[in-house]
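The structure appears right after this line, and notes come after that.
Just so it is clear, none of the values below were taken in a lab; they were calculated from the coordinates. Bear in mind the structure is a predicted one, so any value in this text is a computation, not a measurement. When we count neighbours, we look across all protein chains shown, and the Cβ atoms used for this are built from the backbone with ideal geometry, even at glycine.
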Amino acid sequence: MSPRAPARPTRAPPRARRPRLTPRRTEAVVALLSRVLQRSPRSKVPVEEDRMSVIEHLEALRRALIVSLAAWALATFAAFFVSSHVITYLITRAGIGHAIYLQPAGGVLNQLKVAIYIGVVIAAPIVIQQAWWFVSPGLHQHERRFILPLVVATVFFFALGVAVAVYALPLYLNVLNRFSPPDVTYLPDLSQFISFVLLMVIGFGIVFELPVVLFVLGMLRITSSRWLHKRRPYFFLGLGLLANFLTPGADPLTPLIMFIPLYLFYEGTALLLKLLGR
């Protein structure tokens, strides 16, 4: 018998070579993983990014609020020293001669009330700037194009309403005093007088925002220039009644001074919406 050939040792299967991670392959893998993670709703990466985004937004909001409140506080502090002159001007403008207060601290508290509202007016540009700084990063380019003129128009029409309110103040008081009995004398209380003036000023300012409201409704496609033109007679009558209510008087000229600007604002808004294709 021939001797057996020695058994050949079994070789282990060759190990699979690991592909080398070149920079190009690394970038491809990272891009693929990022796409998968963004599509997966259970992924933790987008959640963490969202949380950071919310935290950043809250931090920006906190900063805007702090700056706005600080500006309001400083403006109120500065306005307190001129609030007595403002009260004197309003009393003189109303034609009531003088006013009284019934509490020991009534004079100081009323000056503080006037200073707070003056501080709001003075700090309004800074508050608007902070609001714009907070909101503008999330707006598109075409939205930014309308927001800034809209803010300017809002401030302008509100200030115009305040000016008209100061002009109409003595007319209001004269009409109200005519309805009082002849044996009753009006004794002006300073606190109630200031509250009445502030309410009147805010009311006039809101009424004069009519063009801004109509423009915003038109841009949102709730109304249109055609809708405004069709309802021109109703607006004509309504604005006439509103002008007579806002500027009461025995002569018809005073309400006409109020009616003409309001109606021109209405027609101008309708024309602007038509030019914008709304």
Per residue of segment 119-132, what does 6.51 cos²θ - 1.76 cosθ + 1.60 with θ = phi - 60° give for ³J(HN,Hα)? Whole Hz please, x for Gly and Pro, Karplus curve as stated. x, 4, 5, 5, 7, 4, x, 5, 4, 5, 5, 5, 5, 5
Isotropically averaged projected area of segment 144-229, using the convex hull of Cα atoms (one quarter of hull area), nm²: 8.2 nm²
Quickly work out the S224-to-V151 label distance, labels modelled 7 Å from Cα along the C-beta direction, and quote it in nm with one decimal. 3.2 nm
If I model a spin label as a point 7 Å beyond the Cα along the Cα-Cβ vector, how far apart are those points for V121 and D183 in nm? 4.2 nm
How big is segment 54-276 by Rg and Dmax over its Cα atoms, in Å? 21.0, 66
Taking neighbour counts of Cβ atoms within 10 Å as a proxy for exposure, in what order, fewest first, do T88, T76, T185 appear? T185, T88, T76
Where in segment 170-248 are there trypsin sites (Lys or Arg not before Pro) that are in a DSSP coil and have at most 14 other Cβ atoms within 10 angstrom of their Cβ? R221, R231
Taking a temperature of 4 °C and a viscosity of 1.567 mPa s, what whole-number D in µm²/s does Stokes-Einstein yield for segment 127-188 with Rh from Kirkwood over alpha carbon pairs? 84 µm²/s
